[in-house]
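Have a look at the structure below before the remarks.
The values are calculated or read from the model by the stated rules, or taken from the named source; none is laboratory data. Not measured: the values here are computed from a predicted model. Here the Cβ positions follow ideal geometry from the backbone for every residue, glycine too, while neighbour counts run over all protein chains shown. Surface accessibility is based on the protein's heavy atoms, side chains included, excluding ligands, DNA and RNA. Shrake-Rupley method; radii C 1.70, N 1.55, O 1.52, S 1.80 Å.
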Amino acid sequence: MAPKGDSVIVSSIKLEKILSMKGGKGELSYANNSKSQAEHARSMLPLLKETLDRVELSSPEAPFVVVDLGCSSGSNTIYIIDVIIKHMAKRYEALGYHPPQFAAFFSDLPSNDFNTLFQFLSPMANHSGSMEETVAADSHRSYFAAGVPGSFYRRLFPSRSIDVFHSAFSLHWLSQVPESVLDMKSAAYNKGRVFIHGANESTANAYKQQFQTDLASFLRSRAKELKKGGSMFLVCLGRTSVDPTDQSGLGLLLGDLHSGCLG
Ligand SMILES: C[S@@+](CC[C@H](N)C(=O)[O-])C[C@H]1O[C@@H](n2cnc3c(N)ncnc32)[C@H](O)[C@@H]1O
């Protein structure tokens with residue numbers, strides 16, 4: 001940590017270890033304060049399903065692997081993973097195949113409250129029955145689950161191992177505060193504020209550059225990890241105004257990327 005001006009720069013690695021949504025199940029927890037994200041996610045299900053319809057089905061012998069990046073510690077991630085797996089199972093069945101075994105990875109920064117998240121998971125269905133029975137059993141989980149701690153701005157999975165990536169309301173978190181924004185001698189210095197509403201153009205440019213660098217790292221990593229024929233569905237917060245320093249209105253940006261565009 002190096003002091004600069006009257007601010008303290010926290011390295012991106014340290015930031016990853018301390019940032020998180022509020023864990024647990026208390027009144028102020030993310031688990032109890034993420035209804036609006038859940039509502040937006042539900043309104044986007046038709047688009048998500050369109051994306052899933054374009055995923056290439058691999059051999060039902062191989063596990064089908066789904067990842068939620070920036071899963072946090074509420075039940076939204078479990079709902080979405082369930083939707084994805086049920087939809088994909090139906091696609092296999094419609095072609096006359098037994099659905100494959102499904103695996104879901106819940107990924108977030110190491111500081112995320114994975115313990116609370118795992119408590120929301122229903123028990124795994126009994127695998128001695130058929131996969132159709134397993135997927136149809138509503139009170140049980142039809143997939144193997146695991147948590148993956150780490151930043152989505154770096155590699156998280158082996159090459160060509162993931163069929164579907166999903167990420168919602170997470171990519172607007174940058175890997176770090178741009179250094180110039182904290183430097184009192186820089187034109188981009190933002191006077192210690194944690195928002196850019198009303199800031200100058202240099203500050204806006206510094207954040208824009210950081211976003212571009214981060215997004216490029218995110219896409220480079222996912223391009224390596226996605227299986228051929230796999231897909232990625234991204235939901236990001238955006239602005240409704242063209243002014244990059246206007247934070248008064250929130251909009252949603254959707255992204256649907258296939259392995260062919262990432263390779
Ligand atoms: C608003 S929550 C979204 C949770 C969930 N996707 C939902 O829709 O309810 C944003 C999550 O992104 C995670 N996050 C932020 N930066 C991240 C990074 N670099 N790598 C992985 N997760 C990150 C945060 O820890 C947080 O849990």
What per residue convex hull volume, in Å³, comes out for the range 2-262 when only alpha-carbon positions are used?
136 Å³
With +1 on each Lys and Arg Cβ and -1 on each Asp and Glu Cβ, how big is the dipole of the chain about its Cα centre, in debye rounded to the nearest 20?
540 debye
Tell me which of Gly230, Ser20, Ser139 sits at the most positive position along the dipole axis of the chain, charges placed on C-beta atoms (Lys, Arg +1; Asp, Glu -1).
Ser20
Counting only heavy atoms of the protein chains, get the accessible area per residue of the chain (1.4 Å probe) and round it to a whole Å² value.
52 Å²
Grab the Cα-Cα distance for Ser59 and His172, subtract it from 0.36 nm times how many residues apart they are, and report the gain in nm with one decimal.
37.2 nm
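Let me check against my output: what whole-number percent is the relative contact order of the range 2-262, with C-alpha pairs under 8 Å and at least 6 apart? Walk me through the numbers on the way to the answer.
Values: 461 pairs, mean separation 53.4, N = 261.
Relative contact order of the range 2-262: 20 percent.
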Computed E for Ala146/Thr240 - FRET, C-beta separation, R0 45 angstrom, nearest 0.05:
0.75
Ordered by packing density, taken as the mean number of other Cβ atoms within 10 Å over each peptide's residues, highest first, how do 77-83, 217-223 rank?
77-83, 217-223
For helix 76-94, report the angle its Cα long axis makes with the longest principal axis of the Cα atoms of the chain; keep it between 0 and 90° and round to the nearest 10°.
40 degrees
Of the range 50-77, those with amide N under 18 Å from the point 7 Å along the Cα→Cβ vector of Ala94 are 50-60
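Between their Cα atoms, which of Lys49/Lys228; Lys208/Lys228; Lys14/Lys227; Lys35/Lys86; Lys22/Lys185 are more than 26 Å away from each other?
Violating the 26 Å Cα-Cα cut-off are Lys208/Lys228; Lys14/Lys227; Lys22/Lys185.
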Name the residues whose placed amide hydrogens come within less than 5 Å of the amide hydrogen of Lys227, ignoring near sequence neighbours (fewer than 5 apart) on the same chain.
Ser161, Ile162, Asp163
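From the mean inverse distance of alpha carbon pairs (Kirkwood) and the Cα radius of gyration, derive Rg over Rh for the range 180-245.
Using Cα coordinates only, the ratio equals 1.12.
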Give the calculated FRET efficiency between Gln119 and Lys86 to the nearest 0.05, with a Förster radius of 35 Å applied to their Cβ-Cβ distance.
0.95
